[in-house]
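Participant: One structure, as structure tokens, below. Some questions next.
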Amino acid sequence: KDCDTKKAEWAERSKTRAEELVALADTIKVLNDDDALELFKATLPSASASASFVEVQVSVAGMRRRALAMLQQASTKVARSARPQLDLIALALRGKKVGFEKVIAMID
């Protein structure tokens, strides 16, 4: 009885797997079709179009200013015992040659 159940389950899995493979093959066929390529080209602007993506450039100084502003807001809301750590992070952000490795370690 157990073997018959296992055989039936295997047959069902094999049938499902075969159906999935056929569906994948059909999908690949549709995607590789010339009509799909034309539709894809029609929906996306060409590379010579004015601007399809907006480029955002953030300077290091801008990031430091934002981080300092957040720290100042946070320092008003935290307990006194946590303020020295926030002050140290702020000091590191104000410095010119300090990396963020220690700051990130403190945050974690």
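Read-outs: derived from the displayed coordinates by stated rules, not from any lab. In this text, all values refer to a predicted model and were calculated from it rather than measured experimentally. Note that we place each Cβ from the backbone using ideal geometry, even for glycine, and neighbour counts take in every protein chain shown.
Participant: If r is the Cβ-Cβ distance from Met106 to Gln73 and R0 is 25 Å, what FRET efficiency results, to the nearest 0.05?
Facilitator: 0.90
Participant: Would you mind calculating the gained length between Lys41 and Arg65 on full extension (0.36 nm times residue separation, minus the Cα-Cα distance), in nm to one decimal?
Facilitator: Result for the pair: 4.4 nm of gain on full extension.
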